[in-house]
Every structure is written in C-alpha cells, then in structure tokens.
Amino acid sequence: MNLSMKWLSDYVNVDVPIKEYCHALTMSGSKVEGYETEGKEISNVVVGKILSVVPHENSDHLVVCQVEVGKESPIQIVTGASNVNTGDIVPVALDGSTLPGGIKIKRGKLRGVESNGMLCSLGELGLDKKDFPYAIEDGIFIIQEPCRIGQDIQSAIGLDDTSVEFEITSNRPDCLSVTGLARETAATFDLPLHIPVPSFKGVDGDIDQYLKVDIHNTEKCRRYCAGIVKNVKICPSPRWMRERLRASGVRPINNFVDITNYVMLEYGQPMHAFDLRYVDGAHINVRNAAKGEKIMTLDGIERELSEDMLVIADANKPVAVAGVMGGEYSGIMDDTTTVVFESAYFEPTQVRRTSKALKLKSDASSRYEKGVDPLISMVCLKRAFQLVEELGAGEVIRTVIDCDHTDYIPSEVEFNPAWINSFLGTNISSATMTEYLKRLDFSIENGKVIAPSFRIDIGCKADIAEEIARIYGYNNIPSSDFRGVAKAEFTAEQKFIRTLRNTVVSLGGYEIATYSFVSPKYFDRIRLPENSKLRNAVKIVNPLGEDTSVMRTTTIPSMLDVLSFNYNNRNEKACLFEISKEYIPAEKEKAYINGDTLASGGTKHRYAYSLPDEPQKLTLGMYGGDADFYTMKGMIEQILEELGINDVEYVRAADCEVFDEKYALHPGRSAVILKDGVHLGIMGEVHPEVQNTYKLGIKTYAAKLNINELMSAASGRITYKPLPKFPATTRDLSLICNDNLPVAELEKAIKGAVGKILEKVTLFDVYKGKQIEDGKKSVSYSISMRSHEGTLTDEQADGAMKRVLKALSALGAELRG
Amino acid sequence: MKEQLEKIEAQAKQELESCTEIKALDDLRIRFLGKKGELTAILKQMGKLSAEERPVIGQLANQVRADIEEALRNKLEALKAEEQEAKIREESIDITLPGKHAPFGKLHPLTKVENEIREIFMGMGFDIADGPEIDDDYHVFEALNLPPDHPARDTQDTFYIEGTDETILLRTQTSSVQVHVMENQTPPIRIISPGRVFRSDAVDATHSPLFHQIEGLVIDKGITMSDLKGTLDMLMKKLYGNDCKLRFRPHHFPFTEPSCEVDISCFNCGGKGCSMCKDEGYIELLGAGMVHPKVLENCGIDSNVYSGFAFGLGLERMVMGRYDINDLRLLYENDVRFLEQF
C-alpha cells in the first residue's frame, strides 16, 4: 500500500520529518518499506513567463525567448519548440538544474546565440498527458495551473507529494486504505483524527425506475448497495485527484474509473461502475454461476465458471465475477450516459476460492479475500456520489438501493488489564490501556472491549494485549531473565549423531549439505534397474523444476553430484560426508480419522495418506589423494570402532539384495557391511559407467551407512581390559594360497586355530608377481599371542602355530618356502 | 725424580691444552697414565729410591696422577660440551617450513552455527525436538491457526506431495514441530527444533527452495512476553557479544499473538546506518510471539492455565551474517575450497 502524505493530511495533521514518521509507524505495527518524494530528481526548475519570442538569426527552426523567472532581469533561452508564445507560463530549467534521469542543464550557445537554460516538456519533467491532459506531448508544457513566476516547479504543478510504501500484514486489511493508515497515524502520535461522514445532495428520481437488485445467495453476498448517476460527463478527473492516485501507485483513467479507485484507496472498499446500457433488463442479480457459464473478463480472457462461483448478472448473462473482475461490457466508455455504482460485501472465502480457481487476481479480490469492513458499503457509495457531485461528473439519483443481509455482531472481548499485564510482563495502568484502545476506535462497555467493524482480526484476549503492546511500544516491555529450572539433555539419537559427525570429521571428512529433492533422472544415472524399489519415490506435485521434483530415496546421487562439482572445479582431492535423510514412501495407508472440532475452526483431520519414512543416513564420498577402496574401508572401520561396533563382516555387494546402490558401484570392488546379519551399509568404488556419467575423470569411492542400524549395533558401554602382566610372543607367517581366496577366510582359520591365547592377527603384506606362481598370492601375517596366566612357553607357541598351519592347509594355503 | 714428575705433569697439561678431540684425549691418558705410560715408567724406578725419599716421591707421584686425571676429566667435559654445541648448531632447521598435517575434516558452516545455537539453548534448559520434514496439512497449517482459505497461506509457497489431495506436503516452517511436541508432551515445555524447510522459491543469491530454521517453543504457567524478550536477548548476546542490540517490531503470524519481528543492530555499522542495513541500522533476524491461545487449545493445552512463546530463526541468514557470505548458493554447492574455510 502506497500512501500519499498529502492525502493523509486530510484526516490527520502529522508534522514530523518523514524518516521519523516512517520509523514510528513501523514500530507501532505498520511496517514501512520505504518512501519516495516526487520530483526529487528535479532541481532548480522554476515557473517562467515568456516575454518575447523572436526568430533565431542562424536557424529556421530555433527561436530566441526572453523569459521572466522571478530574478532581477529576464533570461534568454533558445528553444526548438514551436508552441511557445509571448505570455505563456512554462517550466524553465535554469543553468545548473537537474531533470529526471540525471540530466543536467548548463548555459551554452546554440548556433552562436547564448541560451541560459531550457524550456521543458512534460516528458522532460517525468510526466505524461495523463497527468496534465490539456498539455501536448511534443512541445513545451504550457502551464495552466495557478502559480507565480519564479516558484519551484514541484510545488507549482503539485509534484511535491511523498509516497510511503507500507507492507501490510494479512490480518490488517483495514490498513490497505488512507483512512485506516490515518487512524494508525493518529493513534501512534496521539493526534486527533478527522474522518468526515460523506453525504451528497442528489436529484429527484426513483431508483426503482432505473434499477432492480436481487441477491440470490445472501450467505456469499451479505450486502449490495447500488445507485445511479445520469447525464454523466466522461472526462479526466481534476489534478488533485490524479496526483493522489498517482502517489498511491494507481494510473488515472477518467473521472468515473478514478472515483471508484479513489474511494477504494480511501476506505478499502472495492467499488464498481457499470454502464447501465449493458445491464439487460436493468436488473442486477447476485447469484451463483450456472454450470459451464462463460464470461469474458476485462483482461480479454474468456473464463468458464463453475456453480460454486458468484456472479453479478443482469437479466440474461453474467456481467462480473463477484468481487474479482468485471466483464468486457461492464466498464465505462466514452459514450456512457448512465452509470450504476456498486458497493458490496462479498464473503472472503468465496472470493478467495473463486480467484484461486480462475487464477485471476485483482485489487478488488485481494481486498475482499482478506475481509473488508462489513458496515462500510453504504458509506462508500455515498462518498462516491459526493465525489461525482464535487467533480460535476453527472446527476446522482437521490434514492439508492441497499440490500443488507449483514447481520453484523461486533466482536467483544473481555477487558482484563491484570491479565494483559501478566501476559506481557508489564505494569500498564487500566486507564492508559483504555486510552490506547480508544485511539484505535475500540470502545469499552461493561468490562468488554468492543472492536470496530473494520477490525476483523480481533477475537480473543491476546488480540487486545497486542493492541496495547504495540501502542505502548514493544521495546518498552522489559526483558526478563529466563526463570525456572534448566534441565535439558540430548536424546540417545542426538548423542549418537554428534559422535558420528565428530568421528568422521576427525578422520578427515568435510561435511556437505545437499537438497532433499532430486531429479527422477538420477535413478538412471546410477544405473538402477527398471524395477528397483529405489525408483518408488515421493513425488512433488508442483516442483520448481524437473531437477527437484522427487524426494530422494538414496543419498548417493547427491554425493556424486558434489564430488563431480568439485572434480570439475579442479579440486584435486575431496573426502566428503553428509548426515541427512532419505524419504521412503510408506507401505501401508493409514485410516482416515475425523477428530475433534478445532478452536480455530474446522475439524482435526487425520489423513488417508501416511507420511513417508525419513531414515537418517551417513553418506561418504572421496576421490584423489590416496583414495582407494581400502582408504574408504579403513575410514568405515575406524568409524565403526569408534561407535563400538566390532566383528562386522564385509560381503560382496553384488550378491546382496538389500542395497540397490550396488548398481552404482563396481561389482568387483564393492562391499556390504554386515553385523550379525543386519545390513549396516554399502561401500565401494563407483562403477566406471557412473563415473563417466558424472564426468568424474578419476576413481571415486562412495558409501552409505544406515544410522538406525548403526545405533542398534553400537555397544553403548566401554569396559576397561586390564593391561597385560606377561610378555607377548609373536610369530610371523608367510603363506602361498590361491589368489581368489579372501584373506578374511585365512584370518578366520588363524583365529580359530590359535584359540584363547590369540591377541592380534595383523596382515602386513600381500604380494603377487615375480617368484609367485600365476593364480597364487603370498600373504604375510604377524600373529601375537599372550596369556594372562603366565609367560607363554615356546612349546605353547609352537603348538599353536602347528594348529594354525594345519587349519590353513585345509584352505590350500601353505607356508612359503 | 721429582723434576721428572714435575716435567711430566707440565708436559701433560700442555698437551691437554692443545688437544681438540675426545679421541686424542684417550691417547694422552694412555701415554701418561697407562700401564706402559710415562708416569708408570717413573714409578717403576721407585725401588731405587731411599726409604726417606720413597714416601715423599710416592705422594708427589700420586698428586701428579690425580692432577693429570682431573685435567683429563675437565678437558673431556669441555670437549663434550663443545661437541654438543656443534651438533646443535648443525641440526638447526628452517622453522618457517610448513608443518605436516594429519587428515582432519570440517563441519559444514550450517552445522557449526546450529551447534553453537543448540549449546546456548541447552544451557538454558531447552531440549532438542525433531519432527518430520514431510508432514500433513494439519500440523503445518491447520493446528497453527491457518485454516484452509487463510490468506496467510499465500505467503508460504508450499510443495505438495503427489496423490495426497494436497494433504501431505513439505513443511514450510519448523513451527509444525510445535504441534507434534505439544501433542506428545505436557507443559512445562522448553524445546528448540532445528531442521530443513521447503518453499517454492527459485534459487538465487538469497533464496533457496530448501533452507533451515530453528524453532523455539516455551509453554508453562506465567510465561510472558517479557520472558520472550529476555530469552532472545540472551541468545543474541551469547552469539554476537554484549554490544548487540535487539529491536522488536509488531508483525503478524497466525500462530502467535502478539507477534513480532526481531531486528539486530547491524553487524557492519553497529546501528548508525550503512549500505548493508539499507540505512536502517538494523537487520531483520527472526519472527516470534506469544503462542496463540487457539494453537494451545488445538493441541489440548488449556490457554487459561498456560501461556508460552515461540520463535523461528533462519539459520542460513545467521550463517551468512556470521561469516560474511554473500551468496546462499555457496552453502549448497559444497566446494571444498569453501568448506575448508570454516
């Protein structure tokens, strides 16, 4: 809402610097976004009078003028315009003046003749014919306004208003009007407010002879006021009205359209003016649209209506969509002779639904859907007629139509100053509260606060508390130190995730943050088969674009995207992690339950659709540096160790049916991590084809761990093991075995054979190549043994090693010669 | 013999004087004091002496031995010290060469600031609550006093889930967690809830369809607006230092009454007005207010007994302010050269 400060001064006389005004209104609840002073780009342009016009000695199309500009002597100006004559009053840009667009005017010579400034056209002042209809576009602006020679052009032609832009919240539609903001201004500065009651004289005549109005749906249209203006004269409205509309951001059109806009801006009530010629049968019916009924709206689009929409119809056809927009013939034309004025109250939800369904918004619909003052229709009709008479635009029939079904009950709230103080933490006297409320047009009767009809937002004690608080000043409410017992703790899950996050960071992981939604193309990019369960994703009906249209069922593609982004930004290595959610559609549908009635109206719904699961995942990704399968595996091993998850198994991912991410990984270089049969996660080298798709020109590794499963597998308790009292005995073993035998098998055999005295098996070398037969490999272990009962004897150690060799030989592994 | 002894002592001391190596010192010891050394050779002639002379010369010989030994010891120590010093000199390195780093990662700046805020609130006794990111219309709107057709729904461009008749959606605000908490917990309630929220805003330097909020909710007997101000004051002083000032402006949220927006004195100019704060001296930081009685009632809490306040912070805005980040997109691009700076 743009407020003209000149217009405001009709109702309240506020005399403070504009900055102070804006700040004060912001702090009392009407937020100012900014302000603009008209004509501020113009300086040193004054009103001048042409004393003489003579031809230029060196030019056919230039003339030399002597111009009186309120100084000791006239100045000489050369101009190319042909419309200036002696005696004309014109805008004169003096030497050193500025014009809109940053243009600077300086004295100079034109074809050898001195010129001390410039005579200005409308365009050069940033105006057009709509502002001054009597002026011409392509010539000097010959001023017909009352003004004096030498006066600043801004004040002379009324280009000196200041327009303040307010951001009005949806609960205060009453402030989308000059009178509403005047009321706020008066309350904020504690100034008297004067809003006159409009009235008009009218001419004799019987309205019933001209027009008939019937409301067929009084639920949706509570009031319809209408009147007739005959013998209308369509012409531009006067300057003051055009100026005010312009400062409010509305383009002046003609006197009738301008009057409807003026009243809407003044009171917040949308108005409509019809040409009576096009109201068939001179009969207005406010009714529901018929099924399939069509209307061409003013914006030139034909719209099909539905039965739940409300229209203003004549005897035959709809002429307007009620509260939203008029039809093509409903407007005022140059040959209009009789005008119908409408001022009505339409139910907000009705207008909102219609506007949403038709995807059609207008100034009127946005006001109606927020809620206009239900009692103001007639006041505004009278105000419009008052203006018609003031402008001499036509003859108003004295009698008017008022179909009133408002049945208005004012909103009443208990006035409880003690409660308000205890709610705000203040100590404001009851008298002060009363005074604040009166400034805002509330009244207090029998311990009740009665809200004015335009305050549709008032309904409970807290609403009154807010009114008091904002006039008192939010910043005058004291700040109290927080009281009560401070007792808070992380949940087990929050603690677990904190540990997890810190562990990955200490292992060198950089945390990333990625979007929860992805493109469905991602499923192809990671080679998911057509029937993969990961393709069953939660879809967004109205996404911003295809690339953010489904909720991810796997975090791997987001990680690959970030790795690719880094790789292609020439970052030579990256080790990344993310802790975030996947979104898995729920399998079962919940029953539909209707519940209790809500305090805010409506019913407490439970829906027929279940919410998806949102499991948390740890995603890892790396490339460059020393990144390989075993670096990634080592990182996971260290994470698991820190979480207290021991004895996990790594099995080939290709054989696993649980993680479809396996398709994104190299089948020979990927593993699923198992703990007691529970799938903790999947890891491995990214499939060469996927690497290619993601433009990753380097071997890349990725892993995903299920946080829920990690939590269940983690042993919460750490128990101290006594430090050894007796020395350990270490034996090294070099073995030759088949290349395809996993070392995990060898280790399992060693562990089993050594038994209780085994302390640690460390693999320290795997070798293939020279000196080793093809298809074989050499594997070297260091086996550390220790007893807690005494120093191990050689016999004990040798015995264990014999058992080990026997067990290994069963696997085809022999001691290397 | 006396002269001989004195001569040996003088000679030994002289040679020691000029000795510069520990190894040469050993040679000298053998030459003078060894079994075949010069002193021993003289002592072997003791037999030729008279009984009177013998003890005198014997004592002198012992004295000479002791003196030479001491001189040797002193010299040895001096040479060792010199050697040590020389070694230390030699071992001097360029201490301006870079250190060797163990791999160490970094938290995302969003996490860092979120952790900081979590800790401050934990210290004030706030638990941390979680809620679903995909939620139903009831928890995101209706229970929060935003019935269907409420005009304020327009300001939150909502993503809806396919096949759910617009009943399931991506939450547009963490305020939905308020409802979940109040449904499952009886007052006193004191929680914050950080999390992702979603709005249909195209990506640019200050907008993203996904961003993070931190919701706060306090419900108890006798909670006042003054408590709300005190809590937010404390938070901001802990985050931004004691000099920062807060400004509370009236605003409107359907789920709070009174509602406010809270501005913080500009980080750049401290409140005087500059280009960063558009000459305002303040920067908008968060929305807050007293929980609307209808919201309490919707969640089964008696608004005549309990009152409370709620607030919602935009995490991205705080992160960008804290680290002078001028483009929101950097937070979601995850360039390692960006991530390593925090």
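Here, each number is a calculation from the coordinates, and none is a lab measurement. Small disclaimer: the values here were computed from a predicted structure and weren't measured. Here the Cβ positions follow ideal geometry from the backbone for every residue, glycine too, while neighbour counts run over all protein chains shown.
Odds and ends about this structure:
- Mean separation of Cα contacts under 8 Å (6+ apart) over length of the range A:688-817, as relative contact order %: 31
- Per residue of peptide B:157-164, the mean number of Cβ atoms on other chains within 10 Å of the residue Cβ is 6.
- Net length gained if the chain between A:ILE18 and A:ASP280 were fully extended (0.36 nm per residue, minus Cα distance): 89.2 nm
- Packing-based ranking, highest mean first, of B:46-59, B:166-179, B:309-322, A:560-573 given that Cβ atoms within 10 Å are counted: B:166-179, B:309-322, A:560-573, B:46-59
- The range A:119-149 and the range A:1-60 have their alpha-carbon centroids 17 Å apart.
- Qualifying GluC sites (Glu not before Pro) in the range A:758-817, DSSP loop, other Cβ atoms within 10 Å at most 14: A:GLU773, A:GLU789
- Partners for A:LYS130 among lysines (Cα-Cα distance below 27 Å; same-chain residues under 8 apart left out): A:LYS6, A:LYS40, A:LYS49, A:LYS104, A:LYS230, A:LYS233, A:LYS361, A:LYS382
- Each part gets one Cα centre, and for the range A:320-398 versus the range A:223-277 those centres are 10 Å apart.
- Neighbour cut-off at most 10 other Cβ (10 Å), DSSP loop, trypsin sites (Lys or Arg not before Pro), the range A:267-328: A:LYS291
- Computed over the range A:134-203: relative contact order in percent, which uses C-alpha pairs under 8 Å that are six or more apart: 12
- Local electrostatic count at A:ALA537 - Lys and Arg +1, Asp and Glu -1, tallied over other residues with Cβ under 11 Å: +2
- GNM remark for chain B: springs join alpha carbons under 10 Å apart, and the peak mean-square fluctuation among B:GLN213, B:GLN185, B:GLN45 falls on B:GLN45.
- Chymotrypsin sites (Phe, Trp or Tyr not before Pro) within the range A:365-457, DSSP loop, no more than 16 other Cβ atoms inside 10 Å: A:TYR408
- Percentage relative contact order, the range A:406-514, counting C-alpha pairs under 8 Å, at least six apart: 28
- Highest average packing first - A:181-192, B:263-274, Cβ atoms within 10 Å: A:181-192, B:263-274
- Cα gyration tensor category, rounded, prolate or oblate, for the range A:184-301 with a/c compared to 1.5: prolate
- Number of partner chain Cβ atoms within 10 Å, mean per residue of B:296-308: 2
- Peptide B:206-219 shows a mean partner chain C-beta count of 1 within 10 Å per residue C-beta.
- Angle in degrees between helix B:53-90 and the longest Cα principal axis of chain B, rounded to the nearest 10: 30
- Overall form of the protein assembly as shown per C-alpha gyration tensor (a/c, 1.5; a/b vs b/c): prolate
- C-alpha center-to-center spacing [the range A:427-493, the range A:761-817] in angstrom: 81
- What the Cβ-Cβ distance of A:ASP798 and A:ASP655 gives, at R0 = 45 Å and to the nearest 0.05, is a FRET efficiency of 0.70.
- The range A:267-415 shape via C-alpha gyration tensor axes, a/c threshold 1.5: oblate
- Greater than 19 Å apart at Cα, pairs in A:LYS31/B:LYS278; A:LYS212/A:LYS317; A:LYS495/A:LYS662; B:LYS2/B:LYS23: A:LYS495/A:LYS662; B:LYS2/B:LYS23
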